[in-house]
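A short worksheet on the structure shown next.
The values are calculated or read from the model by the stated rules, or taken from the named source; none is laboratory data. Just so it is clear, the model here is predicted, and its values are computed rather than measured. Glycine also receives a Cβ, built like all others from the backbone with ideal geometry; neighbour counts cover every protein chain displayed.
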Amino acid sequence: MESGKGREYQRRPVEGGQSRPRPPEDRAYRNRKPEDTERRQRSQESPGRRQRPGEDEESRRRPAEGGGRRQRPAEDSPYEKNAGESTERRSGRRRTRPRRRGNIKRIRQRNRRVVLLLLVLLVGGACAVNTIRTKQKEAAAQAAQAYAEQQARKESQEAAKEKEKEEEENALKLADESEKDQWYLKLVNAKNPMTKEDVPEVAAETIDANGYQVDARIMKDLEEMFAAAREAGRNPVICSAFRAWDTQEYLYQNKIQRVMAEKGLTEEEAAVEAGTVVAVPGTSEHQIGLALDIVSSEYMNLDEKQMETEDQQWLMENSWKYGFILRYPLNKSNITGIIFEPWHYRYVGKEAAKEIYEQDITLEEYLGAEPVGEDSDIESDREEKTTEPETTEEKGSREDPGRKLISRPGSSVCLTTV
Ligand SMILES: [Zn+2]
């Protein structure tokens, strides 16, 4: 480029035929040849066209006239031609150079654009990634919050359910306790004796011609049981039922006096002796009007053989359907404290009777009560034989003559019952 510039500079016409002083650093100027200078000077001195071979000076110098040859335009002169060539070459170079420069510029511009685009893309991508990450974080945070809220709701619901369940259980427990407090589930045994004040007032109702009475509330079920037994061809009879406190007290005190007289014992010693024969007042279920001694009309002794009778077999199989249980079963005396009595039935209601019968348990077990134990293994119906049987007049003052009798009149002669 440096040398090109020098050449261009050399060939450029100079105004006034003098070349401008070149800067000393222009090497091309310094290296110019003398003939170049001379040729330049010559061409400046003779602005006309160069003499052609065979052409005289005059014709050469004569300007073209009329149809003469038109003077070439300035550029036709050798100098101008030369200059034209130079210009053309220069312009060619100029065209080339700017083209290259243009190309380079365009390439650079394109590169810049590409770089710019890449930068934009990079920044955009970074922004997009950042946005995505931010959104992801937000989504994760929202999900975590939603999860936490869900967990809290779940825990709250579980707590509410737990509380509800507890309340239900408490209600059931209360209901159950309340159920077990029902009059027909009253527990009376050696560990749960009644005082005279504790004994419930029994609205006793006479059940037959013999004047036996029971709590009026169990009358319906009792009558249905006897009706069913008769329908099955059985003929059970009642030989003991409700005993008022005074009756039991009378029997007990009467026995004490007799023991004292017969055996010469003190009243205390006689009381203990009498208690093994006659139930101490307050410990007999007969006092609450819910117990009955029922025997077979074919065998009226109160002993274990009673179990073998068909009447008793029927009662033991079916009494639960009417709310009655065999209160002192075989091999349960360690719980009831009473020996096996296959004649003593107790009303407990149909629901409890069913459960007690099906599970083969006692009333104590059903109620979750403390077992009475072997020490109190006595006969609940141990009552002295008497020659003074109760009469209808004595017991059955409330008897309704028009009511259907459960037991046949005169059949209720239990051999060990008063
Ligand atoms: Zn009894």
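So here's what we get for this one:
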quantity: Every residue from segment 231-248 that is buried (at least 18 other Cβ atoms within 10 Å of the Cβ) and assigned to a loop (DSSP other than H, G, I, E, B); calculated: Arg234, Ala241, Phe242, Arg243
quantity: Residue match in segment 315-328 (condition: among the aromatic types (Phe, Trp, Tyr) and over 22 Å from Glu351 (Cα atoms)); calculated: no
quantity: Unique residue being loosely packed, with under 13 Cβ neighbours inside 10 Å and acidic (Asp, Glu) when the list is Glu197, Glu223; calculated: Glu197
quantity: Among the residues listed as Glu205, Glu224, Glu249, Glu201, the single one being assigned by TED's automatic domain parsing to the domain that holds Gly323 and in contact with a Pro (Cβ under 6 Å, 6 or more places away or on another chain); calculated: Glu249
quantity: Residue count, segment 182-227 (criterion: part of a helix (DSSP H, G or I) and of a type in the set (Ser, Thr, Tyr)); calculated: 1
quantity: Residues that are hydrophobic (A, V, I, L, M, F, W, C) and over 18 Å from Leu330 (Cα atoms), drawn from segment 292-315; calculated: Met300
quantity: Residue within segment 326-343 that is exposed (fewer than 15 other Cβ atoms within 10 Å of the Cβ), more than 12 Å from the ligand (Cβ to nearest atom) and hydrophobic (A, V, I, L, M, F, W, C) present; calculated: yes
quantity: Pick from segment 259-279, criterion small (Gly, Ala, Ser) and in contact with a helix residue (DSSP H, G or I) (Cβ under 7 Å, 6 or more places away or on another chain), ranking: farthest from the ligand (Cβ to nearest atom); calculated: Ala270
quantity: Lone qualifier among Glu179, Glu155, Glu149 - being under 29 Å from Glu351 (Cβ atoms) and in a helix (DSSP H, G or I); calculated: Glu179
quantity: Matching residues in segment 292-320 - criterion: being within 15 Å of the ligand (Cβ to nearest atom), touching a residue at least 60 places away in the same chain (Cβ under 8 Å), buried (at least 21 other Cβ atoms within 10 Å of the Cβ) and not polar (S, T, N, Q); calculated: Leu292, Asp293, Val295, Leu302, Leu315
quantity: Residue pairs meeting the criteria (Cβ under 7 Å; at least 6 apart or on separate chains; first over 13 Å from Trp183 (Cα atoms), in segment 343-355; second among the β-branched types (Val, Ile, Thr) and surrounded by fewer than 23 Cβ atoms within 10 Å (Cβ to Cβ)); calculated: none
quantity: Residue under evaluation Glu273, criteria (1) touching a Ser or Thr at 6+ places or on another chain (Cβ under 9 Å); (2) without any contact (Cβ under 8 Å) to a residue 24 or more places away in the chain; (3) closer than 24 Å to Gly337 by Cα, criterion not met; calculated: (1)
quantity: Ala128 being closer than 30 Å to Gly349 by Cα and over 34 Å from the mean Cα position of the chain (by Cα); calculated: no
quantity: Any hit, segment 203-210, residues being loosely packed, with under 10 Cβ neighbours inside 10 Å and of a type in the set (S, T, N, Q); calculated: no
quantity: Among the residues listed as Thr266, Thr276, the single one being surrounded by fewer than 17 Cβ atoms within 10 Å (Cβ to Cβ) and modelled with pLDDT under 90; calculated: Thr276
quantity: Sole residue being within 16 Å of the ligand (Cβ to nearest atom) and surrounded by fewer than 23 Cβ atoms within 10 Å (Cβ to Cβ), chosen from Gly289, Gly282; calculated: Gly282
